[in-house]
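Chemist: Before anything else, here's the structure in question.
The values are calculated or read from the model by the stated rules, or taken from the named source; none is laboratory data. Model, not experiment: these values are computed from the prediction. Cβ atoms come from the backbone with ideal geometry, glycine included; neighbour counts cover every protein chain shown.
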Amino acid sequence: MWWAGKRSRRTALAYVGAHVVRLAQGETLVYAATATDPEDAIRGLADAITLLPRGTRLQVFVSGAICRPFLIPAVEGARDAMDWAAIAATLVEGATGLPSDSLVWMDDGQSSPRFAVAMHPTWQGHMQRACGSMVENLKPWWVLAVDQVRSSGDSRHGLAVFDSDALVLLVAEGGTYLEAQAYPLLDEDPDALLRRALITHDLSPDALDVVRFHHDEVAGVPVNAALPFSTGEAA
């Protein structure tokens, strides 16, 4: 997808949201905590990785509030990565609500519209300070669901991912994502939020694959091998 790196025996998996931290090693959850705010979550991550053996590498997955998807339409004259990066910078604030200097990656999975993700620059700095050189790769948690759906050849109308902070909604047609949006999970019932978000697309939740973050995991339990920190595979 956006980031390279294969999982190995010496690789641990971390999930970080604005109020949640998880750490798994060898398909077992070794740390699970809630946080009062994003800074507390980063401190929790820094504490969690002290549990890992020396030399362990770390794959970090973050919530849809931290890394948000957006689409870049076809632009005449765009020729190379530098052109697309410049175009993305002009779109990211309006498309995601994140600052224009956010870190942006683009996916090679589809060419029109281009599929991109933006990460708040403050979070990027937080991750670097908390984890240092341990980080093997960093990606949104919802990317795991996207990759699984792509590998299965699923031809449904898209994907809805509920993580600890956001609903990430990706509406597709013929295997191409045509809308990508992250909605904050506030006080509204998550399923009601999904139904409301789908009204303009004339779709029901049954038309999409749905993935949910496992809020009740505790240290010592096994994690889902295909979709770590989830309640199960896309369904």
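Chemist: What's the number of the condition residue 59 fails, among (1) modelled with pLDDT under 90; (2) within 15 Å of residue 131 (Cβ to Cβ)?
Modeler: (1)
Chemist: Here's another thing I want to ask about it. For region 118-152, name all the residues that are in a strand (DSSP E or B) and of a type outside the set (Asp, Glu). Full working, then the answer.
Modeler: As a first pass, look at region 118-152 and keep what is in a strand (DSSP E or B): 118-119, 135-140.
Answer for region 118-152, where residues must be in a strand (DSSP E or B) and of a type outside the set (Asp, Glu): 118, 119, 135, 137, 138, 139, 140.
Chemist: Okay, moving on. Could you list, in sequence order, all residues of region 23-51 that are among the charged types (D, E, K, R) and closer than 22 Å to residue 227 by Cβ? Break it down into steps so the answer makes sense when it comes.
Modeler: Going through region 23-51, the residues among the charged types (D, E, K, R) turn out to be 27, 37, 39-40, 43, 47.
Matches in region 23-51: 27 only.
Conditions (1) modelled with pLDDT under 95; (2) surrounded by fewer than 16 Cβ atoms within 10 Å (Cβ to Cβ); (3) over 17 Å from residue 107 (Cα atoms), marked per residue:
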position: 135; (1), (2), (3): yes, no, yes
position: 144; (1), (2), (3): yes, no, no
position: 148; (1), (2), (3): yes, no, no
position: 169; (1), (2), (3): no, no, no
position: 172; (1), (2), (3): yes, no, no
position: 188; (1), (2), (3): yes, yes, yes
position: 194; (1), (2), (3): no, no, yes
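Chemist: Return yes when residue 56 is of a type in the set (Ser, Thr, Tyr) and free of Cβ contacts under 8 Å to residues at least 60 places away in the same chain and no when it is not. Spell out the reasoning first.
Modeler: Details: of a type in the set (Ser, Thr, Tyr): yes; free of Cβ contacts under 8 Å to residues at least 60 places away in the same chain: no.
Taking the combined requirement at face value, the residue does not satisfy it.
Chemist: For region 111-133, name all the residues that are within 18 Å of the chain's Cα centre (by Cα) and over 29 Å from residue 56 (Cβ atoms).
Modeler: 114, 115, 116
Chemist: Restricting the search to region 59-78, which residues are free of Cβ contacts under 8 Å to residues at least 12 places away in the same chain and either touching a Lys or Arg at 6+ places or on another chain (Cβ under 9 Å) or surrounded by 14 or more Cβ atoms within 10 Å (Cβ to Cβ) (or both)?
Modeler: Result: 78, single match.
Chemist: Can you find even one residue in region 75-95 that is closer than 21 Å to residue 213 by Cα and among the small types (Gly, Ala, Ser)?
Modeler: no
Chemist: May I ask you to verify whether residue 68 is assigned to a helix (DSSP H, G or I) and among the basic types (Lys, Arg)? Explain how you work it out, then say what you get.
Modeler: Details: assigned to a helix (DSSP H, G or I): no; among the basic types (Lys, Arg): yes.
Taking the combined requirement at face value, the residue does not satisfy it.
Chemist: Could you check residue 181 against (1) in a strand (DSSP E or B); (2) in contact with a Gly (Cβ under 6 Å, 6 or more places away or on another chain); (3) under 21 Å from residue 19 (Cα atoms) and say which number it fails?
Modeler: Every listed condition holds for residue 181 apart from (2).
Chemist: I've got another one for you. Quick check on my filter: what residues within region 75-117 are of a type in the set (S, T, N, Q), assigned to a strand (DSSP E or B) and either closer than 20 Å to residue 17 by Cα or out of contact with any strand residue (DSSP E or B) (no Cβ under 6 Å at 6 or more places or on another chain) (or both)?
Modeler: 111, the sole residue that qualifies.
Chemist: Further question on the same structure: It is to be established whether one or more residues within region 82-103 are within 23 Å of residue 175 (Cβ to Cβ) and touching a residue at least 40 places away in the same chain (Cβ under 8 Å).
Modeler: No, that holds for no residue.
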